[in-house]
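Below: one structure, written as structure tokens.
The values are calculated or read from the model by the stated rules, or taken from the named source; none is laboratory data. Bear in mind that the values here come from a model prediction, so they are computed numbers and not experimental data. Here Cβ is always computed from backbone atoms with ideal geometry, including for glycine, and neighbour counts include all displayed protein chains. To get the accessible areas, we keep the full protein, side chains included, count just its heavy atoms, and leave off ligands, DNA and RNA. Shrake-Rupley method; radii C 1.70, N 1.55, O 1.52, S 1.80 Å.
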Amino acid sequence: MKMPDSTHPTSTVLAQLSDPHLPLPAWVPPTELFNKRLLGLLSWYTRRRYRYRPETLAALVEDLRAQAPDWITVSGDLTNLGLESEFRRARLWLDRLAAPERLLVVPGNHDATVPGAWERGAPHWAPYWHGDAPYGEAGAAFPVLRRRGPLALIGLSTAIASPAGRAVGEVGEPQRRRLAELLRQTRSERLCRVLILHHPLIEGTVRARKRLLDGEALCELLAAEGVELVIHGHGHRSHHLQLDTRDGSAPVIGVPSASSARDEYAAYHLYRIQPAADGWTLELEVRRWRPRDGRVESAERMSTALPRAHAAAAAPEQSV
């Protein structure tokens, strides 16, 4: 009898936080506000600071630590205005959350509020957004790949600067071309491919002014190359959709803001991925903050089968 492959454990747990919108610094230099950031600052002081609460985020993080996931991802919008001072403060938060080898970050639209914001801020987060390969400039580094046990964690950047009143994203042809190569490579390695990005890729998930401009092209690529799971943020609401691919129907799942104390309350996701005889199984647990007492509890569980392209490698072989 063959023993199970030790590199593919019985199950792997990935936690996802998104859109924490960490509090702004007490002082913002006026010279940084002669652009779209001025409207963002006004929005923060009139509305957003009451919605995105640090104590709510702290409760989620405390609960996440207690759950002890194997890996963690933060899918964008750690900042509000994309200020370099925000990137520095967010780096301290990331350092407290987990070690870089356990934590993968992708940027969101707020992290690229104005042209050059992400490129200037990215070096502060470099250990958290790079992949297994050596990394270079932030603008050309994505997609990134991390092989973690049976998982291929693939991070895309959809962060682009957009005009006032818009929060669109874009992957771009160079990223899509490199993504196709990574999907083929990790499929040949029989890994469970998890795609992580900020903007939702399926049209209609968010309003047009917040959409992914090349979402249709990305969906076509994923349909052709296959993917097992897609996770995103940006909408600040839960989304459970499906994308038809060459290997079957892949879940496309969005998570709410990790600091929201209004509307849809803050939550994070635990994805437990387990090999099965016919592929992979996914158990999703939604852990949500409760406004009445500030505690975090399990609010929803769902199980589903992931696409079956890697069935031969997913389950340990047995022979007599």
Rounded, prolate or oblate (a/c below 1.5 giving rounded, otherwise prolate when a/b exceeds b/c) for segment 56-129 by Cα gyration tensor: prolate
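If you average over every viewing direction, what projected area does the convex hull of the Cα atoms of segment 179-218 give, in nm²? Please list the in-between numbers first.
Working: hull surface 12.8 nm².
Approximately 3.2 nm², given one-decimal rounding.
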D (Stokes-Einstein, µm²/s), Kirkwood Cα radius, segment 183-270, 0.692 mPa s at 37 °C: 240 µm²/s
A223-R48 pseudo-label distance in nm [points 7 Å out on the Cα-to-Cβ vector]: 3.5 nm
Nearest 10 degrees, 0 to 90: helix 54-67 Cα axis against the chain principal axis: 20 degrees
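Once neighbouring chains are kept in place and the probe is 1.4 Å, which whole percent of the accessible area of segment 201-320 is contributed by carbon and sulfur? Please list the in-between numbers first.
Values: 2400 of 5440 Å².
Using a 1.4 Å probe with all protein chains present, segment 201-320 comes out at 44 percent carbon and sulfur.
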Charge sum, other residues only, whose C-beta stays under 15 Å from R207's C-beta, Lys/Arg counted +1 and Asp/Glu -1: +3
Tensor-based shape of segment 66-222 (alpha-carbon gyration tensor, a/c under 1.5 rounded, otherwise prolate or oblate): oblate
Highest average packing first - 254-264, 272-282, 296-306, Cβ atoms within 10 Å: 254-264, 272-282, 296-306
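Which shape class applies to segment 20-61: rounded if a/c is under 1.5, otherwise prolate when a/b exceeds b/c and oblate if not, where a ≥ b ≥ c are the square roots of the Cα gyration tensor eigenvalues?
It is prolate, given that a/c is not under 1.5 and a/b is the larger ratio.
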Angle in degrees between helix 215-225 and the longest Cα principal axis of the chain, rounded to the nearest 10: 20 degrees
Dimensionless Rg ratio for segment 1-124, taking C-alpha atoms and the 2.2 N^0.38 Å reference: 1.27
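What is the local net charge at L270, summed over the other residues whose Cβ is closer than 14 Å to its Cβ (Lys, Arg +1; Asp, Glu -1)? Write down the numbers at each step before the final one.
Numbers: positive: R65, R272, R287, R288, R301; negative: D63, D70, E283, E285, E297, E300.
It works out to a net charge of -1.
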Protection-proxy order for peptides 187-197, 203-213, each taking the mean of Cβ atoms within 10 Å per residue, highest first: 187-197, 203-213
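Using the heavy atoms of the protein chains and a 1.4 angstrom probe, tell me the accessible area per residue for the chain in square angstrom. If you can, show how the numbers build up before the last one.
Values: 13820 Å² over 320 residues.
Result: 43 Å² of accessible area for each residue.
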For segment 147-227, share of DSSP beta bridges that run antiparallel, in % to the nearest 5: 25 percent
Charge dipole magnitude, Cβ of K and R +1, D and E -1 - segment 91-171, Cα centre, debye nearest 20: 240 debye
Share of carbon and sulfur in the accessible heavy-atom surface of segment 28-79 [1.4 Å probe, %]: 59 percent
Ellipsoid equivalent to the chain - semi-axes via the Cα gyration tensor, in Å: 32, 22, 18
